[in-house]
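Remarks on the structure that follows.
Read the figures in this text as sums done on the coordinates, not as results from a lab. Predicted model, so just to flag it, every value in this text is computed and none were measured. Please note: Cβ atoms are built from the backbone with ideal geometry, for glycine as well, and neighbour counts cover all protein chains shown.
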Number of protein chains: 2
Amino acid sequence: MDRIDETVRWMEREHLDALVLRLTENIVMLSGYQPQLGASAVVVTPQAGAVVIAADVESPEVERGWNKNVSFYSLPGPGLLASFPAIVRAIPGFKKGGRVGYEGSFEWIAPPANFAEANAVGEPTRQMIGETFEPREIVDVTAGLTRLKAVKTEQEIARLRIANEIAGFGLQAFKEAVAPGRREIDIASDVEAAIRLKGTGYKGVLVARSVCQITSGPGTVVHWRYAASGTRVVQEGETVMLEMGTTADGFWADHTRTLVAGRPNDRQREIFAAVAESVDAAFQASKPGVTGGEIDAAARQSLKRHGLEYPHHTGHATGFRYHEASLAIVPGSRDIVEEGMVHVAEPGVYIEGIGGFRIEDDAVVTRQGTERLSHLTYDLD
Amino acid sequence: MDRIDETVRWMEREHLDALVLRLTENIVMLSGYQPQLGASAVVVTPQAGAVVIAADVESPEVERGWNKNVSFYSLPGPGLLASFPAIVRAIPGFKKGGRVGYEGSFEWIAPPANFAEANAVGEPTRQMIGETFEPREIVDVTAGLTRLKAVKTEQEIARLRIANEIAGFGLQAFKEAVAPGRREIDIASDVEAAIRLKGTGYKGVLVARSVCQITSGPGTVVHWRYAASGTRVVQEGETVMLEMGTTADGFWADHTRTLVAGRPNDRQREIFAAVAESVDAAFQASKPGVTGGEIDAAARQSLKRHGLEYPHHTGHATGFRYHEASLAIVPGSRDIVEEGMVHVAEPGVYIEGIGGFRIEDDAVVTRQGTERLSHLTYDLD
């Protein structure tokens, strides 16, 4: 599959003359380029394919992507919105008066490399599109973009492998960091630092970053609803849970791990083993042609054999964002699994007085089944 | 000044019957509550004031705010968009068919506490407003909200002091971390860790986080255009620059510092002293009634006396976001400074072969002048 060909074919089916993308996750999809700040765009026309529009100062990030069809605007200067019309009118196949697709309904967005300020699509982008294209119609293509990004190309999967390897540096740090007497935030900071320090420069990665939420004891029992690293001090024998989104140049991985501080008791070990089995059951059930509902059922049945259950979804797609909306792995989901999809499985068990137990890994769907992208598994202690 | 009264008076002038806010920065402004995830809202009506709508699991974050007029929806459950209409219809003063303001043009947004996924306002929010209010008109009030947030209340300034104190933990770590032989990313990670470790729990802060960009040597000369922490190893005698956005429960601080790894030479010391003087000149020029252009001119004239200049803005507002749009401190700016505004000054000097030098601090405008919110200043070495 070629990402740009696939996009152009979809545009033709939708009678779209152009596509204007501003959001990090969609720019990454069409170019492999993650903006450092959020002042970039990708314009797609059937004639020209995907053209990246970026500030000249972001040439290292653009270079890290694979789309070499780039128009740079200069900084300092009038900026993206003002530079856009002239750049776009010079793109082969540009025409006024057509149907232009834009990102009208993204209400969850991946941040650019600099997490401190995200960019979104509002009225200024719609005006920029209007002035540039004088379009017959501006079409909200959010649903189509979400479906498009569900299946990953080989080069995208290679990047997702790297993101998962980098997440592994954090998972290893978690294993080493958990101990009675430490605060949740101490553990979270160790994990995030490991990813920054070992991930930056790893296999060419420019920006490796994670958000790690650590809960402990009673916090792990409600972790499935709410997780934030605080100043709570971990006690001997308690469960400690990590939830983490990791990005490597705009490619995301999503993980959960559970440990016990000190020595787990037998019941904790049993539950943990049952949860690990349930994750395996989910990935074994996942292959092209099955539904999200079937994967969900496999994970739940596996736990049910141990008399255990959980009150949340089993999984979701991931890759261009921490959580992608393209594949719901929930009871009754009719979403169809396809080769090249990347999704997580994250069953868990939460029992007051014993703790919360969850394991979450990422896998890519292959021709016959799934291949796990995370290879770092460890026991409760 | 009372934030909610001020907002209601503005709504009355604008003939707005209701205001629907979804973005972190605007929710923080009307409540002091920073969402952990981005699935919250604030609805303002002249009769009821500001009502916070949040998931029940975020009660610790809501509690950290000062607005106790809260409607919780339950998680798990149908979520914000589905829960919104019934909650809002029960708010005193709710009426259909009026003019409703929304955040239509925010294209730069502050992330929620979990930086890994930001929330934005798109078609789903507009539909939610439409179904709930059946409004006569949905009005984009971005410009009005931006002006409203320019002047901070006393309790907001107290929170910004805390954010600046926490940023200070990072600035201190920067001072200790810079040394020849270390990578930019090593220094950045130390700084971010200091803020997480010392900021979390500091004066009640739930979530302290920063994004720190370290550049070195030639990178500091272009730092004003582009800054990203990489794997470059700092060399003896080089300038090292920190650019950092810090948030403490949704209140932001923005800083730059410059050091030399090892021993600075005389020219570096002279330039650094001139830059520090220019920052002082900017803050001395800032007081109620002056224009952004006058502050800008003061900073430039100060440097000019040393034969130095810089190719960028002098400052901007900050507080509810890393960069606020309300006060442009650039040549010729006619934006008027008011008591209670919070802004940065960040003049710099960039010379190939010698290095980049910038200092950025935050100050609040008082009745007579400004009060600096950052107290940690240090020399080049």
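Inter-chain Cβ neighbour count for B:92-98, averaged per residue, equals 0 (cutoff 10 Å, partner chain atoms only). Averaging the sequence gap over all C-alpha pairs within less than 8 Å and six or more residues apart, then dividing by the number of residues, gives chain A a relative contact order of 14 percent.
Highest-first packing order for the peptide set A:244-255, B:231-242, A:328-339 is A:244-255, B:231-242, A:328-339, based on the mean count of other beta carbon atoms within 10 Å. Label-point spacing for B:D379 across the identical copies (point 7 Å from Cα in the Cβ direction), in nm and ascending order: 5.8.
Compare the Cα positions of A:V151, A:I109, A:V70 along the charge dipole of the range A:40-154 (+1 at Cβ of Lys, Arg; -1 at Cβ of Asp, Glu; about the Cα centre) and return the one farthest towards the positive end. Result: A:V151.
If you take all other residues with their beta carbon under 12 Å from the beta carbon of B:K175, and give Lys and Arg +1 and Asp and Glu -1, the sum is -3. Remark: mean inter-chain Cβ contacts per residue of A:191-199 equal 4, using a 10 Å Cβ-Cβ cutoff to other protein chain atoms. Set the Förster radius R0 to 22 Å, insert the Cβ-Cβ distance between B:V330 and B:R367 as r into 1/(1 + (r/R0)^6), and round the FRET efficiency to 0.05. The calculated FRET efficiency here is 0.30. From the alpha carbon centroid of the range A:250-283 to that of the range A:13-78 is 39 Å. Each of A:Y378, A:P288, B:G49 was placed along the dipole of the protein assembly as shown (beta-carbon charges, centred on the mean Cα), and the one lying farthest toward the positive end is B:G49. Only Cα pairs under 8 Å and 6+ residues apart enter the sum, and on that basis the relative contact order of the range B:167-242 stands at 35 percent. Across the range A:154-372, C-alpha contacts under 8 Å between residues 6 or more apart give a mean separation that, scaled by the residue count, equals a relative contact order of 20 percent. Neighbours of A:E6 by Cβ distance under 14 Å: Lys/Arg scored +1, Asp/Glu scored -1, total -2. Take A:139-147, A:352-360, A:29-37 and order them by the average number of nearby Cβ atoms within 10 Å per residue, most first; the result is A:29-37, A:352-360, A:139-147. Using just its DSSP H runs of length 4 or more, each adding -39500 (n - 2.57), chain B gives a mean residue ellipticity at 222 nm of -10500 deg cm²/dmol after division by all residues. Mean per-residue shielding of peptide A:221-231 is 5, counting Cβ atoms of other chains within 10 Å of each Cβ.
Comment: the Cα-to-Cβ extended label point of B:H312, at 7 Å, lies 3.9 nm from its counterparts in the other copies, nearest first.
Remark: the Cα gyration tensor places the protein assembly as shown in the rounded category, a/c being less than 1.5.
For the protein assembly as shown, DSSP calls about 80 percent of its internal beta bridges antiparallel.
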